[in-house]
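S.K.: Shown below is the structure under consideration.
Computed from the coordinates by the stated procedures, all read-outs in this text should not be read as laboratory data. The structure presented is a predicted model; accordingly, all values stated were derived computationally and were not measured. Here the Cβ is made from the backbone with ideal geometry for all residues, glycine too, and neighbour counts use every protein chain on show.
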Amino acid sequence: MTSPRRHLIRMIAFIAVIAAVAGALYQPLSTAFMGNVVINSIILAALFIGIGFSFRQTLRLLPEHHWMVAAARNPANVERMTMPSLLGTVAVMLKDNSSSVSAQGLRSVLDGIAVRLDESREISRYMIGLLVFLGLLGTFWGLLTTVQAVGGVVGGIDTSSTDVDAMMSQLKDGLDAPLAGMATAFSSSLFGLGGSLVLGFLDLQLGQASGRFYTDVEDWLSKSVRFTDPAGAGSIELAGGLSEAAADKLHDLARALTAAEEERKDLSESIRELTSRLGQLTESRQHNALLSENLANLEAALTNIAREMHKDRAELNTTISMELRALAKTITRPTKG
């Protein structure tokens, strides 16, 4: 874990360099400052407030970093440690022994920390814009004064006089006001833009310190927190510190595998039922085939019986006919004596 102290050292070194440069250029800077004491004083006051706020916000990360390091080394001592401000939700989670949290819950915690870190830089960003605005305000104020002074000088020249020396002396005296207005314009721009550059570098270091701190918190929680599936399919411990997207993909894969297993069971049951029905159908077909064969044999037997009966009937009819003819002959034959 990277300590914010290194960024604080860079800020102090930068301020020392700026102070050395300002000391070397003290005479021209003091002359420019006297161009408009009011506006330049407001600009410098805003600059010092912005510098102090940037250092305060960077120093604020030090106890948070120390708490995170101590909690990572020995989570059991979290209850006896002072509650942090930025990591308050994490401290509550660890005090409640909630080492198991959903991926969405961890993302909400991290988003809350990110919002707090971003809010801590809003005043610094505002002070940078304020310095630029004050510099431009002083510039336009000085230009307005210059235009009015030039108009007054031109209008005050006596063109009817033939004394050239008097006219030049009058013009020289009248140019003091436009030059004072130009001094106001350029001096305010100088201090405003210079101050915004100083605060811009300090805000850059504050942003880097905040970003590094957020990354360390995310890595620490990803390694130490167990992610649970919101659907109740179990939990996955990310010992290697997987990212949020990877955790979501693993959860989706686990749910897909569970659904596929359920579908496989249903399909196996359907196949088993279909196999049973096919067996019954095969037995029914075999039974129908045997029945058809028996019916065919019975039909053949009945045909043979009918043929035999027809033959026997024909023979019986022939015999009866012959007997009846014989009987008729016997009856019609005359009797002897």
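S.K.: ³J(HN,Hα) across segment 126-135 via Karplus (A = 6.51, B = -1.76, C = 1.60, θ = phi - 60°), whole Hz, x for Gly/Pro?
M.R.: These are the phi-based 3J(HN,Hα) values: 5, 5, 5, x, 5, 5, 4, 4, 5, x Hz.
S.K.: Quick one: Karplus J couplings for segment 112-121, per residue in order, coefficients 6.51, -1.76, 1.60, θ = phi - 60°, nearest Hz, x for Gly and Pro?
M.R.: Here the 3J(HN,Hα) series is x, 5, 4, 5, 5, 5, 6, 5, 5, 9 Hz.
S.K.: Given labels modelled 7 Å from the Cα in the Cβ direction, how far is it in nm from F133 to H66?
M.R.: Simple spin-label model gives 3.7 nm for this pair.
S.K.: Take peptides 12-21, 116-125 and line them up by average Cβ neighbours within 10 Å, highest first, as a rough protection proxy.
M.R.: Details: 12-21: 12.1, 116-125: 15.8.
The packing order, highest mean first, is 116-125, 12-21.
S.K.: Taking K and R as +1 and D and E as -1, what net charge do the other residues with C-beta under 12 Å from the C-beta of L204 add up to? Please report the intermediate quantities before stating the final value.
M.R.: On the way: positive: R10, R121, R125; negative: D203.
For residues surrounding L204, the net value is +2.
S.K.: To make sure I understand, if each residue's beta carbon is the centre and we count other beta carbons within 10 Å, what order do Y214, Y126, Y26 fall in, fewest to most? Write out the running numbers ahead of the final one.
M.R.: Values: Y214 17, Y126 14, Y26 11.
In increasing order of surrounding Cβ atoms, one gets Y26, Y126, Y214.
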